[in-house]
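Notes for the one structure printed next.
Every number here is computed from the coordinates shown, using simple stated rules; none is lab data. Note that the structure is a prediction, hence the values are computed from the model and not measured. Glycine also receives a Cβ, built like all others from the backbone with ideal geometry; neighbour counts cover every protein chain displayed.
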Amino acid sequence: MYRNGTNHSDYHNASYVPYFLDEVDNQTLQAEALRKCGGDASRVQCIFDYIFTDEQVAEQTLNKDKQQQAAAREIGEVH
């Protein structure tokens with residue numbers, strides 16, 4: 001359901017091209033991203049942010065991931 005007078009084309013960007021990590025061909029950048037993200041290849045969000053945005057966004061993502069993991073461990077200890 002769209003707002004009055006709007007339709008799908010009002011919200012669709014036909015020129016949008018998504019980014020995918022498996023299409024990155026810069027091995028140096030990938031290695032640097034992996035290093036900045038703690039050397040953990042499972043931290044895909046951090047690596048993605050480092051490659052496609054910037055180091056500051058990747059750091060924020062990494063910090064949030066660490067906070068979430070710590071909270072999950074703490075919850076696990078309670079149960």
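The set of residues in segment 3-25 being within 18 Å of residue 45 (Cα to Cα) and either hydroxyl-bearing (Ser, Thr, Tyr) or touching a strand residue (DSSP E or B) at 6+ places or on another chain (Cβ under 6 Å) (or both) consists of 19 alone.
Identify the residue in segment 7-40 that is in a loop (DSSP other than H, G, I, E, B) and surrounded by 10 or more Cβ atoms within 10 Å (Cβ to Cβ) and, among all such residues, is farthest from the chain's Cα centre (by Cα).
Kept after step one, since they are in a loop (DSSP other than H, G, I, E, B), are these residues of segment 7-40: 7, 11-20, 24-26, 37-40.
Checking the rest, the ones that are also surrounded by 10 or more Cβ atoms within 10 Å (Cβ to Cβ) come to 19, 24, 26, 37-38, 40.
Details: 19: 11, 24: 14, 26: 18, 37: 11, 38: 15, 40: 14 Å.
Here the answer is 26.
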